[in-house]
Amino acid sequence: MNASAGAAGRAVVVLATGLTRTDLAALCAELARRLESADVAVVTCDARALVRADVAAVDAVARVVLVARRAGSTVVLEAASADLVALLELAGLGGLGGLGGLGGLGDVDTAMLTPAAPAARTTRRGRRRRGSS
């Protein structure tokens, strides 16, 4: 997993299975630093090395998109598996602004992640708790 400068106006972020929060924070900090020091219009997020699609992969893509958007860049997700695309859609990130290369799902200029309404809380037996909607 690394962030590197590619051709002029592009940066490449390579995501791999086994990302830790520390790795992801360092990756995003390095990407932010590179985007500040160069005029980068497009960040390519290469998901080819992701062996499995999971919540950590979704988190990584979302964070890369947020860093890129803050710098005024768009993100192209390259070599994403069908499972990763499905998870991004399920998480509500399929139409995330700036994610231009997500199999036709992206490039909607909404830009911000908004939390979903909280679900009603239930007890272990499936009954609603008092005070829940």
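Assorted remarks:
- Karplus-derived 3J(HN,Hα), 6.51/-1.76/1.60, for each residue of the stretch 43-57, Hz, glycine and proline x: 10, 8, 9, 8, 9, 4, 8, 6, 6, 9, 8, 8, 4, 5, 5
- The stretch 24-30 - phi-based ³J(HN,Hα) in whole Hz, Karplus 6.51/-1.76/1.60, Gly and Pro as x: 5, 4, 5, 4, 5, 5, 5
- Local electrostatic count, ASP23, Cβ distance below 13 Å [Lys/Arg +1, Asp/Glu -1]: 0
- Taking amide H atoms as placed 1.01 Å from N in the peptide plane, the amide H of ALA11 lies under 5 Å from those of GLY6, VAL42, VAL43, THR44, each 5 or more residues away in sequence or on another chain.
Just so you know, all these numbers are worked out from the coordinates, no wet-lab data involved. In this text the structure is predicted, and so the values were computed from the model without any measurement. Note: ideal-geometry Cβ built from the backbone for every residue, glycine included; neighbour counts use all protein chains shown.
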